[in-house]
1. Which numbered condition trips up Glu104, out of (1) at pLDDT 85 or above; (2) acidic (Asp, Glu); (3) more than 19 Å from Ala34 (Cβ to Cβ); (4) open to solvent by 20 Å² or more (accessible area, probe 1.4 Å)?
2. Looking only at the range 69-97, filter to residues that are over 30 Å from Gln15 (Cα atoms) and in contact with a helix residue (DSSP H, G or I) (Cβ under 7 Å, 6 or more places away or on another chain); which one of those is surrounded by the most Cβ atoms within 10 Å (Cβ to Cβ)?
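The values are calculated or read from the model by the stated rules, or taken from the named source; none is laboratory data. Just so it is clear, the model here is predicted, and its values are computed rather than measured. Every residue, glycine as well, gets a Cβ built from its backbone with ideal geometry; the counts of neighbours run over all protein chains shown. Accessible surface areas use protein heavy atoms only, side chains included; no ligands, DNA or RNA. Shrake-Rupley method; radii C 1.70, N 1.55, O 1.52, S 1.80 Å.
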Amino acid sequence: MPDAHAAAPARWCLQPAARRGFGALLALLIVVVAWFAFTPAPPRTLETVWDKLHHALAFTALAWVAELAVWPQRGHRWRVALGLLAWGGVIEIVQSQLPTRSAEWGDLLADAVGIAFGLLLALPCLRGGRAPIEAVPTRSTG
């Protein structure tokens, strides 16, 4: 009979193969975001008032995937947040040097909001990664 206190298997998103997949997806997302950020003339649909929303969505995806890729390293949440915020800063610095682009503090703020949201979205999956509760020994009566 299965022990009710036995540790449940780790969630699929925390399995080593899934984490490697998230790492590959993170690399792909960084390339895609870089292409959109550094293309001298972004696609017309991205030149709208929704620019900040695009920033937030891109960094939500980056943070969610990065968080799942680097778990359970010590300080993973801070590394993801600061690393992605630094990446957003690099994007703004480079854009300030491109003749057809411009840097905006509002973009960096939208990136930060996206990072926070992405980290929150990863929490339900990461909660499955807590150390299992040790089985409580039972007393046998006789």
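1. (3)
2. Here the residue is Ile91.
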